[in-house]
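Student: Got a structure for you, written out below as structure tokens; questions coming shortly.
The values are calculated or read from the model by the stated rules, or taken from the named source; none is laboratory data. Since the structure is predicted, the reported quantities are computational estimates derived from the model, not experimental observations. With ideal geometry, Cβ positions are generated from the backbone for all residues, glycine too; neighbour counts draw on all protein chains shown.
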Amino acid sequence: MLHQRLLQKHKLRVGRDTVMMLSAVNDPDGALERKKHKLKRREYHSKGPDFIWHMDGYDKLKPFGFAIHGSIDGYSRRILWLHVSPSNNDPYIIAGYYLECVTTLKAFLRESCDDQFRGEKSFMYGKSTSSQRIEAWWGQLRKNGAGWWMDFFKIHVHN
């Protein structure tokens, strides 16, 4: 995949064999593991339904006026919400999606709970790429439809 990325992002034509050789020099242990097809993947564990919700915005169609925001349950992978709007990073809009979902599911906020996960400990904030479940779903979205629309809009809107 690295040789494809070099071509797409940097317009460099580098053969797969050359990339593999340079990878073996830079990261011999990683190259050996890749050669054995035994890459160790991250393990993901969720304690149960609604224990953790992954939320994120999808910006690939944003240049064409379609900002998408979604949330998925980390345990069941159930889509909690998927909304298209002019913005996916206005905190008031995102909070509205969240509160609408909490109301619809008859869930509750943990501010007044009396356990170790109450208040500010009831959420985690991190890099978008760490939100594995929603990131995997965005990959499926692109593969199964969004990619076609991106190509369509690039041809018909930007010309």
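Student: Select from region 45-96 the residues that are at pLDDT below 95, under 17 Å from Phe123 (Cα atoms) and in contact with a Ser or Thr (Cβ under 7 Å, 6 or more places away or on another chain) and list them in ascending order.
Tutor: Pro49, Ile52, Trp53, His54, Met55, Asp56, Gly74, Tyr75
Student: Quick check on my filter: what residues within region 69-95 are without any contact (Cβ under 8 Å) to a residue 24 or more places away in the chain and under 14 Å from Asp56 (Cα atoms)?
Tutor: Scanning region 69-95 gives Trp81, Leu82, His83, Val84, Ser85, Ser87, Asp90, Pro91, Ala95.
Student: Considering only region 4-26, I want to know if a residue exists there that is touching a Ser or Thr at 6+ places or on another chain (Cβ under 9 Å) and more than 15 Å from Gln132 (Cα to Cα).
Tutor: no
Student: Whether any residue in region 70-84 is touching a Lys or Arg at 6+ places or on another chain (Cβ under 8 Å), outside any loop (DSSP other than H, G, I, E, B) and among the hydrophobic types (A, V, I, L, M, F, W, C) is what I want to check.
Tutor: Going residue by residue through region 70-84, those that are touching a Lys or Arg at 6+ places or on another chain (Cβ under 8 Å) are 72-75, 77.
Next cut, outside any loop (DSSP other than H, G, I, E, B) only: 72-73.
Checking the rest, the ones that are also among the hydrophobic types (A, V, I, L, M, F, W, C) come to 72.
Yes; the residues of region 70-84 include at least one that is touching a Lys or Arg at 6+ places or on another chain (Cβ under 8 Å), outside any loop (DSSP other than H, G, I, E, B) and among the hydrophobic types (A, V, I, L, M, F, W, C).
Student: Residue by residue through region 26-75, note down the ones that are closer than 27 Å to Arg110 by Cβ, of a type outside the set (Phe, Trp, Tyr) and out of contact with any Phe, Trp or Tyr (no Cβ under 8 Å at 6 or more places or on another chain).
Tutor: Arg42, Glu43, His45, His54, Gly57 - these are the residues of region 26-75 that are closer than 27 Å to Arg110 by Cβ, of a type outside the set (Phe, Trp, Tyr) and out of contact with any Phe, Trp or Tyr (no Cβ under 8 Å at 6 or more places or on another chain).
Student: Another one. Please state which one of Arg42, Arg34 is at pLDDT below 80 and assigned to a helix (DSSP H, G or I).
Tutor: Answer to the selection: Arg34.
Student: Criterion first (touching a residue at least 24 places away in the same chain (Cβ under 8 Å), farther than 29 Å from His156 by Cβ and surrounded by fewer than 11 Cβ atoms within 10 Å (Cβ to Cβ)) does Lys47 satisfy it?
Tutor: yes
Student: Testing Phe64 on (1) in contact with a helix residue (DSSP H, G or I) (Cβ under 6 Å, 6 or more places away or on another chain); (2) free of Cβ contacts under 8 Å to residues at least 60 places away in the same chain; (3) of a type in the set (A, V, I, L, M, F, W, C); (4) assigned by TED's automatic domain parsing to the domain that holds Phe152, one condition comes back false. Which one is that?
Tutor: (2)
Student: Sticking with this structure for a sec: In region 94-115, how many are surrounded by 10 or more Cβ atoms within 10 Å (Cβ to Cβ), not in a helix (DSSP H, G or I) and not hydrophobic (A, V, I, L, M, F, W, C)?
Tutor: Qualifying residue count for the region: 1.
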